[in-house]
Amino acid sequence: MSMFVFLAALVLAAIAVHVAAQREGFLSIDCGLDAKFRGRKDTYTDIDYVSDSPYVDGGENHKVAAEFDTSATPEDRRTLRSFPSGLRNCYTLPTESGAKYLVRMVFFYGDYDGKTSPSFEVHLGSNYWDTFDGSSYWWSEAVFIAWASWVPVCLVNTGSGTPFVNTVELRPLEATLYPQVTADESISAFARKNLGTNDTLIRFPDDPYDRFWEWDPNSSWTNLSTKEPILQDGSFPVPIPVLETAVAPVNNGTVLNVNTWKTYKRSFEFTFFLHFSDIQNTQLRLFDLYVNDEQLMDKYSPSYLAAGYVYSSTWSKTTDGKYNITLAASPTSVLPPMINAYEVYNNIPHDTPRTSTKDFNTMMAIKLEYGVKKNWMGDPCFPAKYRWNGVKCSDLTENITRIISLDLSNSNLTGLVSDNFTFLTDLQFLGLSGNSLNGPIPYSLCKRNAGSLVVRYESGEDMCNKTISPPPSRNRTAIVSISVVVPMVAVSVLVLSYLIWRVKRKPKICTHDPPKESELQSAPGSTRSHGDHLQNTENRRFTYMELQKFTNKFERFIGQGGFGLVYYGRLEDNSEVAVKMRSESSSHGLDEFLAEVHSLTKVHHRNLVSLVGYCWEKDHLALVYEYMSRGNLCDHLRGKHGDETLDWATRVRVVLEAAQGLDYPHKGCSLPIIHRDVKTSNILLGQNLRAKIADFGLCKTYLSETQTHISTNAAGSAGYFDPEYYHTGRLTESSDVYSFGVVLLEIATGEPLILPGHGHIVQRMKQKMATGNITSVADARLGGAYEVTSMWKLVDTAIACTADAAVGRPTMAAVVAQLKESIALEEARVDSAVRVSPVSDTVALVSTFSPSAR
């Protein structure tokens, strides 16, 4: 969930999450919707749509022709954005690097310009995805693993008319879905058909991932249906309404044919998923599977009232784009073959070079910080004819390029010289002259490049290769990187390695039916043996079937984390729990699963979320926690409960309790435990808004005193990441302290971490605090209802926590002490019912902390 900080930076208004309907992580963009409108709620799906203005730089807003602008036309087709200028125009979608997503673009021409419907290409990043062929209505989906903190989807003018789009939708997916998708290859939907139904389209809320399931009527098929309960497959969910219908050959025939084709695809390599749930249990049903007359599987028998699927782990090829799926009854079968649904996908090979992930994220950070427009869309370097203005790139290394020159001269830049330039580690030239920038060149920028960087500033001199003295760290205004936070290449390699392992392990055709019995085995995702790691824990070990029972077949979705989806459950004793599901292909490995189990097993504190138990079975890993009924702090500040403003006393008490929970693992264990992912969404709230720290999946336990300060695996979330850890790889308790300081600034200001054109919250607050006016810092929604000294104490603590150098930060114990003083001051104000003193709220900024040895 780390890149939803990025989402907060981009959208004008937070996307609401509807009770029991809206899925967390959905981004639904109504292209052409006027930016002055907050958004709209779709009447069919109850999904909230927002204007596309924050996500795209160019284009024009239009409405479809009057004859189509009626109630008969779905809302998402009535407006559109066209792109008469530029060869390539891109939407920038916030993502979490290493996570899997579905992206969909919907096109309805609607005669908006009175011309002929155009033809143009659609690209995913720098790679070809699909072609719009001039149809009156068309949609295209792609499934991909995000390679950066944002992913561009682009419309490319091929000379056959003006590109346009009506909606762009981004949906997070479980890692188990569509295993063919890797870091080097995505897939494009060729067909997704729901068989045996009269419903023309099934989507959200029936499908929690909002996939489009279109009907496919055929007179040579017999429709079958049931209303009996069907057991869902947790690792590859298919909508229950899709599983409730099926088709078989008419007149009990022995052969069932399914075929379709499209001819405009560049590549005709395809893969497929066939979905089954037998709804007749009277006699034996066996059949063989063929694709284009090639037998892929024999004697398949679908499970009764239980979902299963068959998929190809390799790509099939055809010269004309046509395919034919055949199900032929085996000689011993009594019932004819049947099928509920099928999906067919083309591959999207990542054959075009791209900019390195770190440089990619850095350039987006710079673009957002300064509000750069130009042609800064898509990949900065590729394809070469769309390269960003002012950017020069290195030669390729394994199909990856680095940015070596960035000329932003005369670009109307304002503000300070950003530390984000520091993260372009191969940069040889930086041109900043002709702008309205102020302040010095960051010392770390020149120091990092060790004399190899030429920086042209207002004087025209090379500012890096002249004598520069580093300013004192306490007085220097820090500008924290807003996007380049984690070298996620390591995560991508782990994901790719696992997928390669899976391909080698599985046969060409793979089935996934409900396991006949629970099997404990060494789950993939780690090269180490963990066979007895959990045997001695005191927590309960659940079976997957028990989790299905306790969650009512995972009926109530309540959140999403790094391991996967979280569901509400109720145990036999009626106690409420939260079940975090993680399947074998999750982008988080078994080691992280065990890290959370081990940490929560041996560390007990009233302000740490309690682990009730776990599940470790074939294809299923899960953690079961106590249920925190009031959600998380982030939701109360800016999300689900954004209209319910927390008063100042409640905010301080919540962060005090969170600080106590974080302090205990630092000092309460023989070897400290570092959380590494402290953020407002990991501070959970129970009854009476009592706070507990959650999500220890990235935690790090010191192995020995000699390894106390070294970590080779960067981790964390965008905007909360300790910049010193990023530079040095040194992991200490102060990494958590930095992240917690960012949390303190959030609760004081109520602002998102990143504001386009204004930078990171640490940078913004340091600038505001320089004025000495606390009103400019405090959340306006508080209405001035706070004790001024209490506010100053908390904000000053936050600034101390976010000091550039770890040595200048307080311990969590010191933070707890300061927050206790802050809450005491505020409670005294409330208890005495005395208004805030009329004395000026301008006070001296005197930190109670001073640098000390760690």
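FYI, it's all coordinate maths here, none of it is from the lab. Please read all numbers here as calculations on a predicted model, not as lab measurements. Heads up, the Cβs are rebuilt from the backbone with ideal geometry, glycines too, and the neighbour counts pull from every protein chain shown.
Quick notes on this structure:
- Computed label-point distance, nm, for sites Thr775 and Thr543 using a 7 Å Cα→Cβ extension: 6.6 nm
- Net length gained if the chain between Asn259 and Arg638 were fully extended (0.36 nm per residue, minus Cα distance): 131.6 nm
- Mean projected area in nm² (Cα convex hull; one quarter of hull surface) for the range 4-174: 9.6 nm²
- Ala66-Gln428 FRET efficiency (beta carbon distance; Förster radius 45 Å; 0.05 resolution): 0.20
- In plain terms, the bigger the Kirkwood radius, the slower the diffusion; for the range 354-456, with that radius from Cα pairs, at 37 °C and 0.692 mPa s, Stokes-Einstein puts D at 238 µm²/s.
- Simple label model, 7 Å out from Cα along Cβ direction - Asp199 to Lys618, nm: 3.1 nm
- In this label model, Asp46 and Ala384 are separated by 5.3 nm, measuring between points 7 Å along each Cα→Cβ vector.
- Taking the fewest neighbouring Cβ atoms within 10 Å as the starting point, the ordered list for Arg354, Arg690 is Arg690, Arg354.
- Relative contact order for the range 354-456, counting Cα pairs under 8 Å that sit 6 or more residues apart, in percent: 24 percent
- Counting neighbouring Cβ atoms within 10 Å and putting the fewest first, the residues Arg764, Arg630 line up as Arg630, Arg764.
- Spherically averaged projected area of the range 193-349 from its Cα convex hull (nm²): 9.6 nm²
- Amide H partners (placed H, <5 Å) of Thr131, local residues excluded: Val122
- Ranking of Asp111, Asp210 by count of other Cβ atoms within 10 Å, fewest first: Asp111, Asp210
- Cβ-derived FRET efficiency at R0 30 Å, Asn218 paired with Leu284, nearest 0.05: 0.75
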